[in-house]
């Protein structure tokens with residue numbers, strides 16, 4: 001069995017790494033914050049001495065990092081993964097990054113006899129904790145089969161999207177729809193509030209038509225509409241992803257005016273102090289700006305599944 005390394009133990013990475021331990025993988029971990037390393041050690045992982053320590057002791061190295069600069073430094077830096085790697089290792093990047101970053105590290109790794117797999121995540125931190133993540137994977141057939149048991153230890157849904165780079169590009173399409181849905185929902189519910197409509201009746205009507213979407217029907221009734229804006233996926237991250245989506249679309253000469261407009265609303269939310277809140281709280285930011293009462297459902301309301 002391949003020895004596994006995991007770099008980046010933030011809100012998503014910690015849960016995924018924990019599930020690798022629970023499923024019996026020998027795991028080396030590293031994060032710039034020592035606290036999650038100590039927590040992972042309690043469930044069987046071994047803390048490593050930096051990126052170099054993980055790379056030197058693992059056959060497959062996973063990275064789950066905030067953005068492109070951190071991924072590029074971790075992989076390509078002077079004491080990064082490639083500087084300490086050996087042929088036939090695999091780097092699996094699960095971060096949400098610019099496609100050019102995936103292409104860059106894949107090319108640099110190939111020159112040294114290593115493979116890169118991009119496997120960004122399509123669900124929330126709570127799913128990562130439970131081992132229920134969804135992965136969109138870009139990899140050769142051989143590399144996909146090699147890392148599949150590890151992905152299955154961390155998730156329940158794994159899509160092989162094609163060659164290296166197709167995973168992150170699929171993730172951007174998915175996140176475009178998910179984030180834009182939040183902005184559309186925010187505007188619609190703010191209008192409902194201003195009209196003085198009964199929120200639960202409005203939701204029931206929308207749930208029965210093609211107007212509904214996964215955010216409105218699944219996520220929001222359990223988050224912002226209950227008054228819970230603790231982050232599963234933050235407004236800051238949604239803003240970051242929209243920026244990546246717009247840049248990637250521009251590079252491919254695809255106009256995305258809706259994404260550009262939505263990003264400015266997420267910029268406003270960040271400026272208003274909502275950056276660390278769940279991205280469903282975009283409706284609270286909009287209502288604040290318009291002087292509208294925030295939409296909340298009664299505590300005993302049972303929403304449709």
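The values are calculated or read from the model by the stated rules, or taken from the named source; none is laboratory data. On a predicted model such as this, the values are computed, not experimentally measured, just so you know. Neighbour counts are summed over all protein chains in view; Cβ atoms, including those assigned to glycine, are modelled from backbone coordinates with ideal geometry.
State all residues of the stretch 82-107 that are part of a helix (DSSP H, G or I) and more than 15 Å from residue 65 (Cα to Cα); if no residue qualifies, say none. Talk me through it step by step, then tell me what you get.
So the first thing to find is which residues in the stretch 82-107 are part of a helix (DSSP H, G or I), and the list is 82-84, 99-107.
Selection gives 82, 83, 84, 100, 103, 104, 106, 107.
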Yes or no: residue 296 surrounded by 12 or more Cβ atoms within 10 Å (Cβ to Cβ), touching a residue at least 12 places away in the same chain (Cβ under 8 Å) and part of a loop (DSSP other than H, G, I, E, B)?
-> yes
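Mind listing whichever residues of the stretch 271-289 are out of contact with any helix residue (DSSP H, G or I) (no Cβ under 6 Å at 6 or more places or on another chain) and either closer than 21 Å to residue 247 by Cβ or not in a loop (DSSP other than H, G, I, E, B) (or both)?
First, the residues of the stretch 271-289 that are out of contact with any helix residue (DSSP H, G or I) (no Cβ under 6 Å at 6 or more places or on another chain): 271, 273, 276, 278, 284, 288-289.
Passing the criteria: 271, 278, 284, 288, 289.
Got at least one residue in the stretch 227-234 being touching a strand residue (DSSP E or B) at 6+ places or on another chain (Cβ under 9 Å), farther than 30 Å from residue 68 by Cβ and assigned by TED's automatic domain parsing to the domain that holds residue 181? Explain how you work it out, then say what you get.
In the first step, residues of the stretch 227-234 are kept if they are touching a strand residue (DSSP E or B) at 6+ places or on another chain (Cβ under 9 Å); the result is 228-234.
Applying the additional criterion that residues be farther than 30 Å from residue 68 by Cβ yields 228.
Adding the requirement that they be assigned by TED's automatic domain parsing to the domain that holds residue 181 leaves 228.
Scanning the stretch 227-234, I find at least one residue that is touching a strand residue (DSSP E or B) at 6+ places or on another chain (Cβ under 9 Å), farther than 30 Å from residue 68 by Cβ and assigned by TED's automatic domain parsing to the domain that holds residue 181, so the answer is yes.
Tally time: how many residues in the stretch 54-80 are in contact with a strand residue (DSSP E or B) (Cβ under 8 Å, 6 or more places away or on another chain), under 23 Å from residue 33 (Cα atoms) and either surrounded by fewer than 23 Cβ atoms within 10 Å (Cβ to Cβ) or in contact (Cβ under 8 Å) with a residue 40 or more places away in the chain (or both)? Break it down stepwise before answering.
Our first condition is that a residue be in contact with a strand residue (DSSP E or B) (Cβ under 8 Å, 6 or more places away or on another chain); within the stretch 54-80, this holds for 54-55, 57-65, 71, 74-75.
Next cut, under 23 Å from residue 33 (Cα atoms) only: 54-55, 57-58, 60-65, 71, 74-75.
Filter again for either surrounded by fewer than 23 Cβ atoms within 10 Å (Cβ to Cβ) or in contact (Cβ under 8 Å) with a residue 40 or more places away in the chain (or both), leaving 54-55, 57-58, 60-65, 74.
Total satisfying the criteria: 11.
Working carefully through the options 258, 254, find the one that is more than 15 Å from residue 183 (Cα to Cα), out of contact with any strand residue (DSSP E or B) (no Cβ under 6 Å at 6 or more places or on another chain), modelled with pLDDT of 95 or more and surrounded by fewer than 19 Cβ atoms within 10 Å (Cβ to Cβ).
Values: 258 fails: more than 15 Å from residue 183 (Cα to Cα).
The unique qualifying residue is 254.
Suppose the filter is out of contact with any helix residue (DSSP H, G or I) (no Cβ under 8 Å at 6 or more places or on another chain), in a helix (DSSP H, G or I) and either free of Cβ contacts under 8 Å to residues at least 60 places away in the same chain or closer than 30 Å to residue 257 by Cα (or both); does residue 110 pass it? Walk me through it before giving the result.
Working: out of contact with any helix residue (DSSP H, G or I) (no Cβ under 8 Å at 6 or more places or on another chain): yes; in a helix (DSSP H, G or I): yes; either free of Cβ contacts under 8 Å to residues at least 60 places away in the same chain or closer than 30 Å to residue 257 by Cα (or both): yes.
The answer is yes for residue 110.
Could you tell me whether residue 39 is touching a residue at least 60 places away in the same chain (Cβ under 8 Å) and under 24 Å from the mean Cα position of the chain (by Cα)?
Details: touching a residue at least 60 places away in the same chain (Cβ under 8 Å): no; under 24 Å from the mean Cα position of the chain (by Cα): yes.
So residue 39 does not fit the description; no.
Given the structure, is residue 198 under 26 Å from residue 99 (Cα atoms) and out of contact with any strand residue (DSSP E or B) (no Cβ under 9 Å at 6 or more places or on another chain)? Lay out the reasoning, then the answer.
Numbers: under 26 Å from residue 99 (Cα atoms): no; out of contact with any strand residue (DSSP E or B) (no Cβ under 9 Å at 6 or more places or on another chain): yes.
Considered against the rule, which asks whether it is under 26 Å from residue 99 (Cα atoms) and out of contact with any strand residue (DSSP E or B) (no Cβ under 9 Å at 6 or more places or on another chain), residue 198 comes out as no.
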Within the stretch 282-294, identify whether any single residue is closer than 17 Å to residue 231 by Cα and under 21 Å from the mean Cα position of the chain (by Cα), and answer yes or no.
-> yes
Identify all residues within the stretch 196-247 that are surrounded by fewer than 16 Cβ atoms within 10 Å (Cβ to Cβ) and either at positive phi or not in a helix (DSSP H, G or I) (or both); write none if there are none.
-> 196, 197, 198, 208, 209, 210, 211, 227, 228, 230
